[in-house]
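The values are calculated or read from the model by the stated rules, or taken from the named source; none is laboratory data. Since the model is a prediction, treat every value here as computed from it, not as a measurement. Backbone-built Cβ (ideal geometry, glycine too); neighbour counts: all protein chains shown.
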Amino acid sequence: MPSSTMPPSIQTNAACRELARRIRIHAVRMTHLAGSSHVGSSLSLAELLAVLYRSILRITPETIDDPDRDRLILSKGHACAGLYAALAECGFFPVEWLDDFYHDGARLPGHATAEGIPGIEVSSGSLGHGLGIACGLALAGKRDGRPFRVFTVLSDGECDEGSIWEAVLFAPHHRLDNLVAIVDYNKIQSLDRVEDVLGLEPLADKWRAFGWATREVDGHDVGQIEETLRGLPFEPGKPSCLIAHTVKGKGVSFMENTVLWHYRSPQGEEYQRALEELEATV
Amino acid sequence: MRTAFIQALTELAAEDPRITLVVGDLGFGVVTDFAKRFPKQYLNAGVAEQNMTGLAAGLAMAGKIVFTYSIANFPTLRCLEQVRNDVCYHNANVVVVAVGGGLSYGSLGMSHHATEDIAILRSLPRMTVVAPGDPFEAKAATRAAAAGIGPVYLRLGRAGEPLVHNKPVPWRLGKALTVRRGEDVTLISTGAMLQTAVHTADALAAEGIGVEVLSMHTIKPLDTDAIIDAARRTRRIVTLEEHSILGGLGGAVAEVLCESEVRNVRFQRIGLPSEFGKHIGKQEYLRRIHGLDVDSVIRCVRRMWEGGLRIHKDEHDGATFDRAMPIAKSA
């Protein structure tokens with residue numbers, strides 16, 4: 001049936017799925033052209049970014065300097081290919097900027113950078129920084145009576161950093177219910193599976209024990225993500241934590257759930273197969 | 001100095017609601033009144049300096065002018081990457097305040113000695129580095145930093161430093177203050193070594209040696225004109241700092257002199273050796289051990305005036321003074 005006759009949620013879900021697919025195609029192509037790493041990390045958060053930018057965040061290319069805009073901080077800055085792709089697809093800067101990602105003289109470096117890139121709030125790359133900055137923004141919003149919300153996307157490996165837990169302790173104490181931490185829990189970090197490097201389980205219980213209103217979702221189910229984030233804050237007076245169970249390398253069969261594709265760059269036949277799989281996705 | 005700092009900050013907070021003080025659970029007896037008076041402009045971040053600094057950057061991104069406050073190395077080295085990435089890279093209006101610069105907290109031991117901070121922080125892009133010479137300068141520096149000029153490192157002593165300037169002086173960020181005039185030797189000091197520099201100049205004046213004293217409260221951006229002008233006039237430059245001889249004021253002045261066109265300048269750094277101290281004691285005691293007391297500095301400046309290009313170990317009468325003399329050590 002024509003899209004205008006569908007219920008709005010179905011329309012939104014379809015749009016989010018399509019945006020996630022576009023993000024993946026860009027991320028695979030960008031890391032291919034760049035010969036760069038971290039494609040698996042960008043593939044795992046495609047739906048999260050798609051839902052956030054399509055239907056949750058109160059920010060548009062026209063409002064990037066509005067003091068009351070929602071902020072998103074990609075604390076896992078190595079997944080920037082996904083973020084750049086999402087921003088370009090949503091009109092924050094030209095899609096052509098993605099072509100020379102990572103190259104000499106390019107605009108877009110290999111970790112999320114705010115300088116000169118519209119829509120990126122905070123430069124990241126070193127892990128464990130985003131949540132602290134987000135706490136400061138959220139606290140300022142509370143103190144000044146501003147309506148904006150602050151979202152930050154963390155990786156699971158990043159939760160090894162002590163600075164994350166300093167901030168996890170801080171936010172509930174100050175009742176920052178305008179703050180949202182999203183963990184892209186793809187279960188694989190740089191060198192090995194999370195459970196084999198430095199286990200995080202029970203991860204949701206840890207956030208709850210620190211005082212966060214915590215929800216868990218299938219991080220590839222756009223409907224579930226959207227419905228959950230529509231309920232922000234999850235509890236009044238508490239910061240919200242969304243643990244998104246994801247698959248590293250999601251969307252490309254041979255990249256899924258492998259340690260290899262944290263660092264490997266898609267080239268040759270692998271690149272072609274990856275693109276074909278993603279193009280065939282509906 | 002910390003009293004002057006908090007007085008100035010209290011005045012500023014009353015004038016400007018953006019001024020926010022974030023402490024890392026330190027400042028007993030110093031910040032209590034501020035906290036009571038300005039609850040929405042004060043925050044104790046807990047014993048968590050990384051988060052303190054990150055959230056300070058976040059507060060600044062939302063329009064605040066934030067002072068982080070803790071002792072010695074805690075607001076700087078403990079969270080150096082937050083200072084570099086979150087504050088400096090984002091050009092955030094965050095003033096990192098360390099009390100206990102140098103050996104202020106002498107008896108508390110190595111962990112509480114801030115002796116490499118200037119070298120480390122002045123290497124960070126966009127960072128302004130200020131070490132005021134007395135409480136008067138501390139107040140002026142606090143006001144300058146509060147104007148929203150991007151990242152600032154404000155290195156204070158502790159409480160009870162004497163007023164060196166007994167009348168109002170035209171303190172300007174980035175401009176050295178001439179505290180004594182002299183044509184024979186220039187003694188450039190930073191931070192709370194200013195009083196030692198002034199006492200040295202006054203003692204040597206009685207001997208007929210004219211010592212110019214510059215309070216180089218701003219180490220970055222450095223007042224290169226003042227250094228080159230002094231080098232041209234006096235041909236003898238001595239730097240004095242309660243900091244490692246590596247990379248601090250002495251290193252910064254050496255960089256300027258070596259690249260300048262002024263020739264035949266004698267130059268000597270006085271500072272702490274690049275070693276962890278073996279001695280226990282209060283600031284005055286440790287200064288004496290390391291040749292940072294007035295008598296040792298007088299001897300050093302006098303010797304330079306008398307003509308020795310370098311001070312050799314065997315010439316020196318202090319048991320440990322030579323360890324603070326980098327030229328003798330590395331020659």
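Structure summary
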item: Count of region B:16-67 residues which are hydroxyl-bearing (Ser, Thr, Tyr) and not in a helix (DSSP H, G or I); result: 2
item: Subset of region A:53-75 that is among the polar types (S, T, N, Q) and closer than 21 Å to A:ARG24 by Cα - its residue that is surrounded by the fewest Cβ atoms within 10 Å (Cβ to Cβ); result: A:SER55
item: Single unsatisfied condition, B:ALA56 versus (1) crowded, with 24+ Cβ neighbours inside 10 Å; (2) more than 27 Å from A:HIS129 (Cβ to Cβ); result: (2)
item: Residue in region B:77-94 that is small (Gly, Ala, Ser) and surrounded by fewer than 22 Cβ atoms within 10 Å (Cβ to Cβ) present; result: no
item: Total residues in region A:172-202, condition more than 24 Å from A:TYR263 (Cβ to Cβ) and either in contact (Cβ under 8 Å) with a residue 12 or more places away in the chain or surrounded by 13 or more Cβ atoms within 10 Å (Cβ to Cβ) (or both); result: 10
item: Residues that are more than 28 Å from B:MET52 (Cβ to Cβ) and surrounded by 24 or more Cβ atoms within 10 Å (Cβ to Cβ), drawn from region A:102-147; result: A:LEU108
item: Hey, B:TYR69 at negative phi, out of contact with any helix residue (DSSP H, G or I) (no Cβ under 7 Å at 6 or more places or on another chain) and within 11 Å of chain A (Cβ to nearest Cβ) or not; result: no
item: Residue match in region B:81-94 (condition: in contact with a strand residue (DSSP E or B) (Cβ under 9 Å, 6 or more places away or on another chain) and either more than 22 Å from A:GLU166 (Cβ to Cβ) or in a loop (DSSP other than H, G, I, E, B) (or both)); result: yes
item: Inter-residue pairs, beta-carbon under 9 Å, first under 22 Å from B:GLU161 (Cα atoms) and in region B:261-285, second aromatic (Phe, Trp, Tyr), 6+ apart; result: B:GLN283/B:TYR105
item: Residue in region B:100-112 that is in a loop (DSSP other than H, G, I, E, B) and within 16 Å of B:SER274 (Cα to Cα) present; result: yes
item: Contacts under 7 angstrom Cβ, first residue in region A:108-130 being in contact (Cβ under 8 Å) with a residue 60 or more places away in the chain, partner β-branched (Val, Ile, Thr) and assigned to a loop (DSSP other than H, G, I, E, B), 6 or more apart; result: A:GLY119/A:ILE64
item: Members of region A:30-50 found to be crowded, with 24+ Cβ neighbours inside 10 Å and at positive phi, listed by number; result: A:HIS38
item: Residues (within 16 Å of A:HIS78 (Cα to Cα) and more than 8 Å from chain B (Cβ to nearest Cβ)) located in region A:131-159; result: A:THR152, A:VAL153, A:LEU154, A:SER155, A:ASP156, A:GLY157, A:GLU158, A:CYS159
item: Any hit, region B:31-48, residues being more than 14 Å from chain A (Cβ to nearest Cβ), hydroxyl-bearing (Ser, Thr, Tyr) and farther than 16 Å from A:LYS142 by Cα; result: yes
item: Residue match in region A:166-176 (condition: among the hydrophobic types (A, V, I, L, M, F, W, C), out of contact with any Pro (no Cβ under 6 Å at 6 or more places or on another chain) and closer than 19 Å to A:ASP70 by Cβ); result: yes
item: Hey, A:HIS78 crowded, with 17+ Cβ neighbours inside 10 Å, modelled with pLDDT of 95 or more and within 13 Å of the chain's Cα centre (by Cα) or not; result: yes
item: Filter result for B:ARG37 (within 18 Å of B:ARG143 (Cα to Cα), basic (Lys, Arg), out of contact with any Phe, Trp or Tyr (no Cβ under 7 Å at 6 or more places or on another chain) and at pLDDT 95 or above); result: no
